[in-house]
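Inspection log for the structure reproduced underneath, given as structure tokens.
The values are calculated or read from the model by the stated rules, or taken from the named source; none is laboratory data. Everything quoted here is computed from the prediction, not taken from an experiment. Positions of Cβ are generated from backbone atoms using ideal geometry, with glycine treated the same way; all protein chains shown enter the neighbour counts. Side chains are part of the model used for accessible areas, which takes the heavy atoms of the whole protein and leaves out ligands, DNA and RNA. Shrake-Rupley method; radii C 1.70, N 1.55, O 1.52, S 1.80 Å.
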Amino acid sequence: MTIPYLHLKSLQARFKDQDAQSLQAIQESGQFIGGDFVTTFENSFASYCGVHHAVGTGNGLDALTLILLAEKQLGNLTEHAKILLPAHTYIATFLSVIHAGMQPIPVDVSDLTISVPDLENHTNGIDAIVVVDIYGKLVDDEVYAFAKAKQLPIYCDTAQSHGARNSSGKRSGSLARASAFSFYPTKNLGALGDGGAVTSDDSELASMVRKLANYGRESRFVNSVIGMNSRLDPLQASFLSSRLQQLDADYQCRYDIARSYVNGIKNELVTVPEPSFFEHNAIHVFPVFVEHRDRFVTYMNRCGIGTNCHYPVAPHSQEALSFLNHLSFSNTEKFHRTEVSIPCHPLLSSDEVQYVIHSINNYE
Ligand SMILES: Cc1ncc(COP(=O)(O)O)c(C=O)c1O
């Protein structure tokens, strides 16, 4: 049996007919930038997330950068502001802070997502917090309550957590002052190219993000702030509108697979996340942790099973962020040294899931 890590082509091919209709509709409309297709998606995504505003952007990195830049324009954050963020994330979270002219202040995580004890002794001199729903797992509600009590603005990198709900049923994208989504093709809500969105309940912040993403344009020939060009493409917006209808059904498949893995994988060499990992989680990535990762990945390849890694090198250890290379975060580094992502997507058959479990259980 051969099981690739992700059947991306087949996953996207489910929308072939709707995509052809989207293309035709856009060709006929003549609206190639902005317009109704973008507005329709923004409105349905805002309502899906349970917020007043969604603003399409060119990608997820820009979405987070634009939130911080907008806060600077509004006077809520300053140039060089100190932004607390988890060391365990994809480099994009760090880059957005840097692109916004601010300082990333990473902290180690005791579990996969950041928790209150991780933040507690690190808020002196901090201007804001950016949290990350890594692998799709929502950051605990207590973290938002902690930020509120400390009067620190909190933003969320929701690039991986589309559709996840917290214990009160509130969705990813509605929990922070503003959230940044990515619609990179492999995401649970993925386009056929780059795309992103900012969600927020704050009208002023959402308007500023929209303005900054469109050259800082006040009106056609009036530019009131220094902006950039990072707009959601109408074609991608239309593709996303079709895919949004499928997101909850896809989640159910991911959840069932993840449960099978948790119940079925029994090998002391392979650590599976705690059952609590599956609560309030979009299950974008199913991680297992293995001491001798290369050996395990080679074994899985021999079994015909594709794997991935999220991520082999932590941001603070990247050459690009050399000013952070002196830092050390033992938990984060352990995750980055031992993590292996195994196949977990809506097109996996139950035979394939059982084969993955059987193969992992026979690893020695
Ligand atoms: C946690 C996280 N943040 C931000 C991003 C950036 O998204 P994009 O690739 O759309 O710029 C990603 C994308 O992989 C991500 O995983």
Exercise for review: Kindly sort 298, 338 by accessible area of their heavy atoms, largest first, with the probe set to 1.4 Å.
Suggested key: 298, 338
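Compute the Cα gyration tensor for the chain, then decide on rounded, prolate or oblate, letting a ≥ b ≥ c be the square roots of its eigenvalues: rounded whenever a/c is under 1.5, prolate when a/b is larger than b/c in the other cases, and oblate in all that remain.
Numbers: a/c = 1.94, a/b = 1.22, b/c = 1.60.
Because a/c hits 1.5 or more and a/b fails to exceed b/c, the chain counts as oblate.
Rounded to the nearest percent, how much of the accessible area of the stretch 255-361 (1.4 Å probe, protein heavy atoms only) is carbon and sulfur?
Details: 2410 of 4940 Å².
About 49 percent, which is the carbon plus sulfur part of the accessible surface.
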Exercise for review: Kindly rank 236-247, 153-164 from highest to lowest mean number of other beta carbons found within 10 Å of each residue.
Suggested key: 153-164, 236-247
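So in the chain, what percent of DSSP beta bridges are antiparallel if you round to the nearest 5? Present the calculation step by step, with values, prior to reporting the outcome.
On the way: 22 of 37 bridges.
Percentage antiparallel, nearest 5: 60.
With a ≥ b ≥ c taken as the square roots of the eigenvalues of the C-alpha gyration tensor of the stretch 126-172, please select rounded if a/c is under 1.5 and otherwise prolate if a/b is larger than b/c or oblate if it is not? The partial results should precede the final answer.
Details: a/c = 2.76, a/b = 1.53, b/c = 1.80.
Oblate, since a/c reaches 1.5 and b/c is not below a/b.
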Check your understanding: What is the P(r) of the stretch 247-361, as percent of Cα-Cα pairs per 10 Å bin from 0?
Key -> 13, 41, 31, 13, 2
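Considering only protein heavy atoms, what per residue accessible area in square angstrom results for the chain with a 1.4 angstrom probe?
Working: 15930 Å² over 364 residues.
For the chain, the solvent-accessible area averages 44 Å² per residue.
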Practice item. Using Cα centres only, tell me the gap between the stretch 296-364 and the stretch 102-130 in whole Å. Key: 24
Study note, to complete from the structure: Taking alpha-carbon centroids only, the stretch 16-80 lies from the stretch 169-219 a number of Å equal to 6
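Grab the Cα-Cα distance for residue 14 and residue 116, subtract it from 0.36 nm times how many residues apart they are, and report the gain in nm with one decimal. Write out the running numbers ahead of the final one.
Working: separation 102, 0.36 × 102 = 36.72 nm, distance 4.09 nm.
Using 0.36 nm per residue and subtracting the Cα-Cα distance, I get 32.6 nm.
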Exercise for review: Could you tell me what percent of the accessible area of the stretch 23-107 is made up of carbon and sulfur, with a 1.4 Å probe and every protein chain present?
Suggested key: 53
Study note, to complete from the structure: From the cross-link list 16/72; 16/211; 9/211; 9/82; 150/187; 187/211, the entries with a Cα-Cα span beyond 30 Å are 16/72; 16/211; 9/211; 9/82; 150/187
